[in-house]
Amino acid sequence: MKVDRAQRQRREIKYIIPEDKARAVSAHVNSYLDPDENAVGKVNNSYEVQTLYLDTNDLMTYHAAANGWRNRFKLRIRYYEDDPEAPVFFEIKRRINEGIIKQRARVKREAVKALLVGASPSPEHLYSWKPQQWADLLDFWQLVEKLEAAPRLHNAYLREAYVSGGKGDVRVTMDRNVRAEPEFGGELSTKFLKPVEIFAGVVILELKFTERMPTWMIEMVRGFDLKSTGAAKYGDGVEALGHSRVARRLTGFQWGASETSAATSAPWLDASAALRESLGPNRQ
């Protein structure tokens, strides 16, 4: 069974580099880190990552990033395959000043469609019970309910990934073949109809660490003359596709259509208050 060692709090620095430099960086990183749990045994230590982004009618989370708000968030559903038995991950990725905080709830795929039309979340929606993941699912759904967020964009890429042992305090990823298209439903397919490619011909390198950047990583940045830059897959996808194509809804989706709609009644929020308090402010 794969162990999810996603970093909950971290620093994250991005670089856009050519393929020849990416291959050299990969060889260097291999001396310090191991392939992550999804990459083990895969060609070039790489695997497909699929993401469904949720946003408001006026693309609030997109504009927050485009305008450079220091405290902002994204709402997304991440998955890796078409297997109906495989879990999916409801994620809030927050940027607070220079830091990243990621909340991540492992959810049953069969629950996604009901939740996307406003069904109240329940513990049975989780892939397996963990108090932290239940709290994260509730936090995700509070934001979805408040914003009436809905599916907007399907994004995918091939990720080469490495991680340190133990708690996975250090992580390096390289993303290629980034593509996107509008998506307004909840099928969570890995297939595209007419995607656009973004960051064509280059590799997105990300260095992620929970405390200080390791000395070997600092030396790598200097040795390869890496220059940090922004690389927003959702934001650049919206720009490439056009705001109007991502903002409009093609499926007649109506938020809160479920009979158990959280838009009108959400008793689970009150019931979760004690759990949230017991987990504490850091929710480790």
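Just to verify a result, which residue in segment 56-112, among those that are small (G, A, S) and farther than 29 Å from A39 by Cα, is surrounded by the fewest Cβ atoms within 10 Å (Cβ to Cβ)? Steps first, please.
To start, the set of residues in segment 56-112 that are small (G, A, S) comprises 64-66, 68, 86, 99, 105, 111.
Filter once more, keeping what is farther than 29 Å from A39 by Cα: 64-66, 68.
Values: A64: 18, A65: 18, A66: 14, G68: 8.
Top of the filtered list is G68.
Only strands (runs of 3 or more DSSP E) whose full extent lies in segment 1-90 are considered here, and the ones with at least 2 residues that are over 24 Å from A247 (Cα atoms) and either touching a helix residue (DSSP H, G or I) at 6+ places or on another chain (Cβ under 9 Å) or among the aliphatic types (A, V, I, L, M) (or both) are 9-17.
Consider segment 116-153. How many of its residues are part of a helix (DSSP H, G or I) and touching a residue at least 40 places away in the same chain (Cβ under 8 Å)?
Looking only at segment 116-153, we keep the residues that are part of a helix (DSSP H, G or I), and these are 116, 123-125, 131-147.
Okay, now just the ones that are also touching a residue at least 40 places away in the same chain (Cβ under 8 Å), so 116, 131-132, 134-145, 147.
Matching residues across segment 116-153 total 16.
Which residue out of K74, K108, K113 is modelled with pLDDT under 95 and of a type in the set (K, R)? Answer to the selection: K113.
Can you tell me which residue within segment 56-105, out of those that are among the aliphatic types (A, V, I, L, M) and under 12 Å from the mean Cα position of the chain (by Cα), is nearest to Y157 (Cα to Cα)?
Only one residue fits best here, namely I77.
Out of Y62, Y32, Y80, one residue alone is touching a residue at least 40 places away in the same chain (Cβ under 8 Å) and in contact with a Gly (Cβ under 7 Å, 6 or more places away or on another chain). It is Y62. Can you tell me how many residues within segment 196-251 are assigned to a helix (DSSP H, G or I), surrounded by 13 or more Cβ atoms within 10 Å (Cβ to Cβ) and small (G, A, S)? Total satisfying the criteria: 4.
The values are calculated or read from the model by the stated rules, or taken from the named source; none is laboratory data. Since this is a predicted model, take the numbers as computed values, not measurements. In this analysis, Cβ positions are derived from the backbone assuming ideal geometry, glycine residues included, and neighbour counts consider all displayed protein chains.
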